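Below is one structure, written out as structure tokens, with a few remarks after it.
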Amino acid sequence: VQLQACGGGLVQAGGSLRLSCAAYARTFSNNGVGWFRQAPGKEREFVAAINWTGGDTTYADSVKGRFTISRDRTKNTVLLQMNSLKPEDTAVYYCAAARSSTTTIIPSQYRYWGRGTLVTVSS
């Protein structure tokens, strides 16, 4: 599975962005999918994940209530709607397809990773 994340950009604090993750070469409709981010000088951290049906989601505490993950299995895409953005949300965001169909917050349980998309939130 090849993944491509897009939708990043520069936004002011309090603004919104929507990231999209698309799968190519193969579908990831039966895989759990997650979003991770890595800020400069920091380790990659979990952001959100969704199971294969879209019926189960999990979020990092830092984004709960502000970010929403969803998927469209017919379009083979996963979205991350980010609202009320803060400067500390600035990072490169990556989407990944899990080895299983469930949600997971553990990076090693993801098999396929896409190239990241940069999100910059100015204060």
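The values are calculated or read from the model by the stated rules, or taken from the named source; none is laboratory data. Computed from a predicted structure; not experimentally measured. Here the Cβ is made from the backbone with ideal geometry for all residues, glycine too, and neighbour counts use every protein chain on show. Side chains included, ligands, DNA and RNA excluded: accessible areas come from the protein's heavy atoms. Shrake-Rupley method; radii C 1.70, N 1.55, O 1.52, S 1.80 Å.
Relative to the present Cα-Cα distance, how much length would full extension add between V1 and K86 at 0.36 nm per residue of separation? Don't jump to the answer; show the numbers that get you there.
On the way: separation 85, 0.36 × 85 = 30.60 nm, distance 3.18 nm.
So the chain would gain 27.4 nm between V1 and K86.
Indicate the gyration tensor shape class of segment 72-123 (rounded, prolate or oblate), computed on the Cα atoms with a ≥ b ≥ c the square roots of the eigenvalues: a/c under 1.5 is rounded; otherwise a/b larger than b/c is prolate and the rest oblate. Before the final figure, lay out each step's value.
On the way: a/c = 2.28, a/b = 1.70, b/c = 1.34.
Verdict is prolate for segment 72-123.
Please compute the length gained on full extension between R26 and Q109, using 0.36 nm multiplied by the number of residues separating them and subtracting their Cα-Cα distance. Kindly include the intermediate steps, with their values, before the conclusion.
On the way: separation 83, 0.36 × 83 = 29.88 nm, distance 1.87 nm.
Stretched out fully, the R26 to Q109 stretch lengthens by 28.0 nm.
If you place +1 on the Cβ of every Lys and Arg, -1 on the Cβ of every Asp and Glu, and leave all else neutral, what size is the dipole of segment 1-82 about its Cα centre, to the nearest 20 Debye? Walk me through the numbers before you get to the answer.
Values: 10 positive and 5 negative charges, 32 e Å.
The calculation lands at about 160 debye.
With a 1.4 Å probe and every protein chain kept in, tell me what percent of the accessible surface of the chain is carbon plus sulfur.
Here it works out to 47 percent.
Please list, or write none, the lysines whose alpha carbon is within less than 29 Å of the alpha carbon of K86, excluding same-chain residues fewer than 8 places away.
K42, K64
Net charge near M82, counting Lys/Arg +1 and Asp/Glu -1 over other residues with Cβ under 11 Å of its Cβ?
+3
How far apart, in nanometres, would the label points at E45 and D72 be if each is projected 7 angstrom from Cα along the Cα-to-Cβ direction?
3.1 nm
May I ask for the longest run of the chain untouched by trypsin sites (Lys or Arg not before Pro) that are loop-located per DSSP and have at most 16 neighbouring C-beta atoms (other than their own) within 10 Å? Let's see the in-between values first.
Numbers: sites that count: R26, K42, R44, K64, R66, R73, K75, R99.
Longest site-free region, per DSSP loop and neighbour criteria: 1-25.
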